[in-house]
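Please read the structure below before turning to the comments.
The values are calculated or read from the model by the stated rules, or taken from the named source; none is laboratory data. Here the structure is a predicted model, which means the values were calculated and not measured. Heads up, the Cβs are rebuilt from the backbone with ideal geometry, glycines too, and the neighbour counts pull from every protein chain shown. Heavy atoms of the whole protein, side chains included, go into the accessibility calculation; ligands, DNA and RNA do not. Shrake-Rupley method; radii C 1.70, N 1.55, O 1.52, S 1.80 Å.
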Amino acid sequence: MLADLALIGFGNVGRRFARLLDERRDLLSHDYGLECRIVAIATRRHGAVCDASGIDALAAATRIESGEALDSDFRGNAIDVLSRSTAALRVLIETTTLDIESATAARQHVQLALEAGCHVVTANKGPAAFAYRELADLARRRAVMFLFEGAVMDGIPVFNLVRESMPTVAIESFRGVVNSTTNHILTAVEEGANYEAALARMQQAGIAEADPSLDVDGWDAAAKAAVLANVFLDARISPHDVDRTGIGPDIGEWARAATGRGCRVRLVASGVRGQQPVVRPVELPRDDLLAGLRNMANALILDTDTLGRVVISQLDGGLIHTAYALLSDLLTIRRQADRAR
Ligand SMILES: NC(=O)c1ccc[n+]([C@@H]2O[C@H](COP(=O)([O-])OP(=O)(O)OC[C@H]3O[C@@H](n4cnc5c(N)ncnc54)[C@H](OP(=O)(O)O)[C@@H]3O)[C@@H](O)[C@H]2O)c1
């Protein structure tokens, strides 16, 4: 089955996804009968390129990494190119920057693609954090999928797990450490390391948001809390409705004092059905599961009506995790296409 893909956003995640697709090409073809062709790549400042017969995405990635722009003659719209495709699957891969004000551009990309009858996969928290219900309803009406597995726990399945393996289970609340950058900083400063140096390491690794204040001010965690609340608790909120406190350079003193008391400070995101979600640094006793999370480790505890507390954890992170989430969503679409036949 042929899948035509349009990539809007071709930064750290988009380029890693293009490479992962190439690395897994034989496996996708052999085990899943899926042939992927990238027909459009669009960025904000680095140009765009389209070719209905397929783009060499690796060459495009190398071009951007060497400081060049993509084909500046292309003025078309990546979603138009995708919507004209006759491939069995047409999928928008949306990996633009998180816009915490309103996510307007990303929401428009998702909405236009869904309206055109294309599936959407995104690692961007914005669309589900600001407009989950309307976009999910639109996808249902157009009989396509709107998937965002990479938006909260990178590649570790949260939404897939609940959707596929926990049917009829209701989630009453969640609590977790969901931001790798702040967890790395907190682990470093509690051991006496420098706050700024720890943040710089996350920026160099491409893990911190393009604007790292989104991580340390708690916006990234608030956007994730909004996604979790919208999807699992049927909230209709945006990240601005989350009660949010971030961390700053002065957190080191508290983190070291807490360690001396046998505790740990962690940035915790939590939500309870019918209540305002909260993101704030919390001093946790050592035996709290979240206290044991070090460096880039994340964990999410779901309180359910049937299975008690379900814990999802990833002990390390990296760009490949997020790229894998996009690939995993693509395969969910591939499987769904088989079921629909
Ligand atoms: N990095 C991670 O580990 C990670 C993990 C989970 C989720 N995410 C999410 O994944 C998304 C991408 O992250 P990233 O690290 O790849 O970011 P990034 O390196 O900053 O790349 C963002 C890309 O989006 C493009 N872009 C931004 N606004 C656009 C617009 N309006 N139209 C078209 N293109 C636009 C940028 O183009 P220019 O470069 O030309 O401006 C760039 O190609 C973000 O939403 C982030 O929150 C990232």
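Charges were assigned to the Cβ only: +1 to each Lys and Arg, -1 to each Asp and Glu. The resulting dipole of segment 30-161 about its Cα centre is roughly 420 debye.
For the pair Glu191 and Asp241, the difference between a 0.36 nm per residue extended length and the Cα-Cα distance amounts to 14.6 nm.
For segment 117-272, the Cα-based Rg and Dmax, in that order, read 17.1, 57 Å. Extending 7 Å from the Cα toward the beta-carbon at both Asp211 and Asp250 defines two label points whose distance is 2.3 nm. What's the whole-number percent of alpha carbon pairs in segment 68-168 lying beyond 16 angstrom? Pairs farther apart than 16 Å: 60 percent. FRET efficiency for the pair Leu58 and Glu101, taken as 1/(1 + (r/R0)^6) with r the Cβ-Cβ distance and R0 = 22 Å, rounds to 0.05.
The label-point distance for Asp51 and Leu161, in a model that sets each label 7 Å from Cα toward Cβ, rounds to 4.1 nm. Accessible surface ranking for Leu289, Leu161, 1.4 angstrom probe, highest first: Leu289, Leu161. Can you work out the base-10 log of I(q)/I(0) for segment 266-331 at q = 0.25, 0.27, 0.29 1/Å, using the Debye formula on its C-alpha atoms alone? The calculated log intensity ratios at q = 0.25, 0.27, 0.29 Å⁻¹ are -1.18, -1.20, -1.23. Of the options Ala87, Val121, Ala223, report the single residue whose Cα projects farthest towards the positive end of the charge dipole of the chain (beta-carbon charges: Lys, Arg +1; Asp, Glu -1). Checked the options; the winner is Ala87. What's the whole-number percent of alpha carbon pairs in segment 53-103 lying beyond 18 angstrom? For segment 53-103, the fraction of Cα-Cα distances above 18 Å is 51 percent.
Charged side chains reduced to their Cβ positions (Lys and Arg at +1, Asp and Glu at -1) give segment 269-341 a dipole of some 320 debye around its Cα centre. When all protein chains stay in place and ligands, DNA and RNA are ignored, the 1.4 Å accessible-area order of Arg163, Arg264, Arg133, largest first, is Arg163, Arg133, Arg264.
Heavy-atom accessible area with a 1.4 Å probe sorts Asp250, Asp338, Asp154, largest first, into Asp250, Asp338, Asp154. In plain terms, the chain from Asp316 to Thr86 could stretch by 78.8 nm, reckoned as 0.36 nm per residue minus the Cα-Cα distance. Over the Cα atoms of segment 16-66, the radius of gyration divided by the Kirkwood radius equals 1.02; this is the Rg/Rh ratio. Farthest toward the positive end of the dipole of the chain, out of Val162, Ser180, Ala208, is the Cα of Val162, where the dipole comes from beta carbon charges about the Cα centre.
Magnitude of the charge dipole for segment 95-225, about its Cα centre and with charges confined to Cβ atoms of Lys, Arg (+1) and Asp, Glu (-1), is about 620 debye.
Against the chain, whose longest principal axis comes from its Cα atoms, helix 319-340 is set at around 50 degrees. Overall, the accessible surface of the chain at a probe of 1.4 angstrom is composed of carbon and sulfur to the extent of 47 percent. If a/c stays under 1.5 just call it rounded; otherwise compare a/b with b/c (prolate if a/b is bigger, oblate if not). Do that for segment 1-155, with a ≥ b ≥ c from the square roots of the Cα gyration tensor eigenvalues. Because its axes are fairly even, with a/c under 1.5, segment 1-155 counts as rounded.
Counting only alpha carbon atoms, the long axis of helix 195-204 and the longest principal axis of the chain meet at about 20°. Largest GNM mean-square fluctuation among Leu27, Leu138, Leu89, using the chain with Cα springs under 10 Å: Leu27. Volume per residue of the convex hull around the Cα atoms, evaluated for the chain, comes out as 130 Å³. Taking the chain as a Gaussian network of alpha-carbon nodes connected by springs under 10 Å, the highest mean-square fluctuation of the residues Gly155, Gly308, Gly318 belongs to Gly308.
For segment 251-271, the residues whose amide N sits under 17 Å from a probe point set 7 Å from the Cα of Arg280 along the beta carbon direction are 251, 254-255, 264-271. The distance linking segment 49-113 with segment 126-167 is 20 Å (Cα centroid to Cα centroid, whole angstrom).
Average accessible surface for the chain: 42 Å² per residue, computed with a 1.4 Å probe over protein heavy atoms with every protein chain in place. Solvent exposure of Cys36, expressed as accessible area, is near 20 Å², computed with a probe of 1.4 Å over the protein chains only.
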